[in-house]
Amino acid sequence: MTSNIRFTEEKLLAIDSALNQLEVALADLVALDVPGRRRLFKMGQKTEAFCRQAMTLMDQNRQVVPPSLELDDALVDLATLDQLRPRLKRVQRLSERMVDSEMVLGAEVAQTARKAYALLKVAGKNQGLEGLRSQLAGRFRGRRPNGASKLARNTHAEETIA
């Protein structure tokens, strides 16, 4: 797969500007640590249906709602949740595409580098590039070619049996 992902300076400036605007606009978002996440009650699909029904019933029957329940705050939280979710989904889709693009770009670079290394092994001997090739070889030290480790295990097992 060959990617056509390229960034111009103008595009990078636009991306950075948009990210800065998002960071400013979303400054009120919360950042939780792991223990904080664990302590929170999670609202899954079934719980959300229950919560929505309870909020609706309480909103329609305010005469039984004590002020300590803070129903108005909970209703605002629910509305804010409904406003946040579609935007979160868009950002998540964009994040997935960025991660996938990073992976593709890295794979393309790694594939070309491996081809270059193989070329150096063959053509670099007569060009005075052996020292450079041996520096690159450090990446592959201790690794056997595909199938070599399996062959070595099988050979060792056969020797042990004999």
(Q) For a quick check: sort Met103, Met43 by the number of other beta carbons within 10 angstrom, fewest at the front. (A) Met103, Met43
(Q) On a full-extension model of 0.36 nm per residue, what is the gain between Leu84 and Gln111, subtracting their alpha-carbon distance, rounded to one decimal in nm? (A) 5.7 nm
Q. So, with +1 on the Cβ of K and R and -1 on the Cβ of D and E, and no other charges, what is the size of the charge dipole of region 79-123 about its Cα centre, to the nearest 20 debye?
A. 40
Q.
If packing is taken as the average number of other Cβ atoms within 10 Å across a peptide's residues, how do 48-60, 29-41 rank, most packed first?
A. 48-60, 29-41
Q.
Suppose R0 equals 25 Å. What FRET efficiency, 1/(1 + (r/R0)^6) with r the Cβ-Cβ distance, do Met43 and Glu23 give to the nearest 0.05?
A. 0.45
Q. What is the P(r) of region 68-112, as percent of Cα-Cα pairs per 5 Å bin from 0?
A. 5, 19, 12, 12, 11, 10, 8, 7, 6, 5, 3, 2, 1
**Q.** Dmax and Rg, reported as Rg then Dmax, of region 1-94 (C-alpha, Å)
**A.** 19.8, 65
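Coordinate-derived values only; no laboratory data. Because the structure is a prediction, the values reported are computed rather than measured. Heads up, the Cβs are rebuilt from the backbone with ideal geometry, glycines too, and the neighbour counts pull from every protein chain shown.
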